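One structure is given below, encoded as structure tokens.
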Amino acid sequence: MSWFANLKITPKFIVILCVLFVALMGVNAVDDYLRQESLIVKDATDNARILARQIVETREYMSSVVRGEPEANYNLVPQVVATQVAKRITTGSKYYVRQVSLRYRNPANRPDAYETAMLQRFGREKAAEQWEVVTIDGKRVFRYLLPMTADASCLGCHGRYEEAPAFVQARFPKGHPSYDYQIGQLIGAVSVSIPMADLYRQIGINLKLDLAIVSGVVLLILAAMSFMVHRSIIKPVRSVATSIGNVAATGNFSERLRRSSNDEVGELVGAFNELMEELDRTTRQRQESEDRYRNVLEMAQSAIVTFLADGKLIITNRKAEDLFGLPKGELLGVSIYTFMEEGDAVKGAIETYLREGAAAMIGETTPQRIRSIRGNVTTVEMALSVSRSDHNPLFTAILRENGRS
């Protein structure tokens, strides 16, 4: 991730915030989806339970109050009434409700494979109810079944064949499986089905709304954080960096930054100001020392130069400028070896000194021939000495003229 390391603080901070935002939104979306699914399934279960109880209560009520009416009007048969009530209640809704039985009379009450399995389970375990989400033909469906047991009022039509009303005997002959029920025996169940696609559609709507709200809140928080970080950290640090760049470019240590806080960034600004004060004081002292040294050099009657091990001149006096034929501005940074006919020998002696700590010419006076920029050759006596600075050794040569040719 070299590209990330090369980013400035502001875009880097924005990238980090965006990654955190996406991760947060992803976690929130998954959690919200699972929570919405749980709530919607619970709501569907509660509604299915209420609806199923209404169907059962309707059937039981009709069974307890009707007498001979169903013989004249088949639509008053308790099971038929309950079925029609279920249709009316669920018209236009997502719910599909019907009554099912393993020993059905109406083909519309024939159970499917899932309902058959649940009815068989109710017969074995006497369960109060059953609900779950199943996959049918590749589609997820919410299923709910509430078992119904036979009571005394049911046996009028579903008890012994001989005791059934004539219109029932006419429709369902003796031996039909819908006869011979006992009180308390499982007679069927109310089955409620809801395609999960309809429920998931609502989950999607809720999820989008929640994501929109959470996104807005998170974006506001991130914007506030970005503003605070930019104002409290990035802007002060950038000011420090800019000031350091100005110092590096101009060498001016007089710049100071305004300290606006007492936190770590404020301490950084304070430390920067203290550093600038110390550098400014040190620079002035060094400048004063150099000025005094230069004044001494200018008063000397011989050419005096100070140079680094590679020969680059860093201090010269006016006599040296006359000797080499260049003004100070052009002379500084030029190698002294280029003006000496035996410059390689002097350079070799200095390299030997750097390796071994001692060498010929160092601390000695030797004759040298200096060729100026104009080609004039001057014979001089060179007294070469060395001094140590904080980092590199400095070499000083005093060049006393003997004659010019």
Pop a pseudo-label 7 angstrom from the Cα along the beta-carbon direction at both Leu220 and Ile50 and give the gap in nm to one decimal. 3.4
Which value in nm describes the separation of the simple spin-label points at Ile14 and Leu275, placed 7 Å from the Cα toward the beta carbon? 2.8
Which angle from 0 to 90°, rounded to the nearest 10, does the C-alpha axis of helix 235-250 make with the longest principal axis of the chain? 20
Please compute the contact order of the stretch 184-326 in relative form: average sequence separation of alpha-carbon pairs under 8 Å and at least six residues apart, divided by the residue count, as a percent. 12
Which links in Lys8/Lys208; Lys126/Lys174; Lys12/Lys235 stretch past 25 Å when you go from one Cα to the other? Lys8/Lys208; Lys126/Lys174
Residue span Asp151 to Ser38: 0.36 nm per residue of separation minus Cα-Cα distance leaves a gain in nm of 37.1 nm
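Take the Cβ-Cβ distance between Asn28 and Glu364 as r, set R0 to 60 Å, and report the resulting FRET efficiency rounded to the nearest 0.05.
Efficiency at R0 = 60 Å is approximately 0.15.
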For the chain, what is the relative contact order in percent, using Cα pairs closer than 8 Å and at least 6 residues apart in sequence? 10
For Tyr161 and Leu76, compute 0.36 nm times the residue count separating them, minus their Cα-Cα distance, and round to one decimal in nm. 28.6 nm
Relative contact order of the stretch 2-204: what whole-number percent is it, with Cα pairs under 8 angstrom and at least 6 residues apart? 23
The FRET efficiency for Asp344 and Arg318, from their Cβ-Cβ distance with R0 = 22 Å and rounded to 0.05, is 0.20
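How would you rank 275-281, 185-191, 153-159, highest first, on the average number of other Cβ atoms within 10 Å across their residues?
185-191, 153-159, 275-281
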Would you tally the net charge around Tyr179, using a Cβ to Cβ cut-off of less than 14 Å, leaving Tyr179 out, and scoring K and R as +1, D and E as -1? +2
Can you compute the FRET efficiency between Arg88 and Glu60 using 1/(1 + (r/R0)^6), with r the Cβ-Cβ distance and R0 = 22 Å? Round to the nearest 0.05. 0.75
Give me the extension gain from Asn246 to Val377: residue separation times 0.36 nm, minus the current Cα-Cα distance, reported in nm with one decimal. 42.8 nm
Run down the aspartates and glutamates and flag those whose C-alpha is under 19 Å from the C-alpha of Lys139, throwing out any fewer than 8 positions away in its chain. Glu37, Asp112, Glu115, Asp198
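Every read-out reported here was derived from the displayed coordinates using simple, explicitly stated rules and does not represent laboratory data. Since the model is a prediction, treat every value here as computed from it, not as a measurement. For neighbour counting, all protein chains shown are included, and Cβ atoms are generated from backbone atoms with ideal geometry for every residue, glycine included.
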